[in-house]
Amino acid sequence: MSSETTNVHTDEVGHPAEHETMTKKKIVNVFFILLGITALEFFVALVLVPRHLIWQPIVNPFYILLTLLKAFFIVAYFMHLKFEKIGFAMAIILPILFIIGLILVLTNESHYWIDLRKTLLG
Amino acid sequence: MSTVATQQIDEIKSTPWSGGHSPFEAEYGKIMMWFFLLSDAFTFSSLLISYGALRFSSAVWPAPSLVFQSFPGLIEKDAPLVFVGLMTLILILSSVTMVLAVEAGHRNAKKEVVNWMLLTIVGGLMFLGCQALEWTHLHGEGFWWGHIPNKETLQEFFKQGVPLLQQQHSSQQFANLFFTITGFHGFHVFSGVIINIIITINVLAGTYQRRGSYLMVEKIGLYWHFVDLVWVFVFTFFYLV
């Protein structure tokens, strides 16, 4: 009984190749995705914005969206989180959601500050 | 009857959380590195969100395309994003060489690990060099913690007609935040380079070959990718937005 358990244990630890992992080809693919997204950001900043070819209010949300996309590729593939156990991935990703709370609170607060400044400085 | 009961117990014992082995199937040090990076992510987000809040609360802000429009030593003006683009490219490339070192480690290919690690270190040093040039350039214009350029220089970063008081106020905040946040990030890059050098020495000494796994390379790899990840955000919020 106990030897069986040990066998199962070594089996899981002894064969990490069973897990899906990064190959050289995948690494190069992810690199080109990251490079492509950065190139797109540059295209927006250097070509579209100066020539007013893009609706101004969506420029910053667009940048942030592309940034989050890049972050996903770095964390999922370079940092290998996509191939970890789902429970572990959640243990890392869910606490990050607290940051959204701070963003909301401080955005709200900064609007109060700017009004206050207008009232005080005229 | 009793055999059925034993089988049921065996079945329960084979689930990930029933004990006997790590439910995450990850090594202790690697998990701890992830939790350190999580805490570091909170630190960096606090800094970047404070930057966002101060920027939102200002009526004006120095335009990034005007503040960062030079390529130190080569182009003095009208080249926004070019230098920082180079820095971004260097850091992404060094992230790629790092992940290639990890991949070589999985195959226990010592020589390849060393080569990729050395390229990663070179990438890190190049990034630090670029940042030093960037800081020197801004310092030369008059920006520093608690210092802003004189009236004439300051006007270059704003539209015509912005009151001087508002210019000075927002520029001061910009300077403090820029040097604090890129400085904190640069310090992470610097630490990363030092740790990379130590790990490379260990690889050369055959420490991980004797241990039978290059897991340490993977752990420092996580840290290095995180530094790249933070730069992606710093790049967006300081240079693009």
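Of everything in the stretch B:45-102 that is on the phi > 0 side of the Ramachandran plot and touching a helix residue (DSSP H, G or I) at 6+ places or on another chain (Cβ under 9 Å), the residue that is nearest to the other protein chains (Cβ to nearest Cβ) is B:Leu81.
Would you mind telling me which numbered condition in (1) surrounded by fewer than 16 Cβ atoms within 10 Å (Cβ to Cβ); (2) free of Cβ contacts under 8 Å to residues at least 40 places away in the same chain B:Ser57 fails? With respect to (1) surrounded by fewer than 16 Cβ atoms within 10 Å (Cβ to Cβ); (2) free of Cβ contacts under 8 Å to residues at least 40 places away in the same chain, B:Ser57 is out only on (1).
Of the residues making up the stretch A:49-62, those that are more than 11 Å from chain B (Cβ to nearest Cβ) and within 19 Å of B:Phe238 (Cα to Cα) are A:Gln56, A:Pro57, A:Ile58.
On inspection, B:Thr207 fails the criterion of being surrounded by fewer than 14 Cβ atoms within 10 Å (Cβ to Cβ), of a type in the set (Val, Ile, Thr), under 30 Å from B:Phe56 (Cβ atoms) and more than 15 Å from the chain's Cα centre (by Cα). Criterion first (under 23 Å from B:Trp135 (Cβ atoms) and under 16 Å from the mean Cα position of the chain (by Cα)) does B:Val241 satisfy it? Answer is no for this residue.
Residue count for the stretch A:17-70 satisfying the condition of being acidic (Asp, Glu) and part of a helix (DSSP H, G or I): 2. Pairing residues of the stretch B:124-135 that are at negative phi with residues that are modelled with pLDDT under 95 and surrounded by fewer than 18 Cβ atoms within 10 Å (Cβ to Cβ), at Cβ distances under 7 Å and at least 6 apart in sequence or on separate chains, gives B:Cys130/B:Leu86; B:Leu133/B:Pro72; B:Leu133/B:Gly73; B:Glu134/B:Pro72. Of everything in the stretch B:1-28 that is modelled with pLDDT of 85 or more and within 10 Å of chain A (Cβ to nearest Cβ), the residue that is farthest from B:Leu215 (Cα to Cα) is B:Pro23.
The values are calculated or read from the model by the stated rules, or taken from the named source; none is laboratory data. Quick caveat, the model's predicted, so the values are computed rather than measured. In this analysis, Cβ positions are derived from the backbone assuming ideal geometry, glycine residues included, and neighbour counts consider all displayed protein chains.
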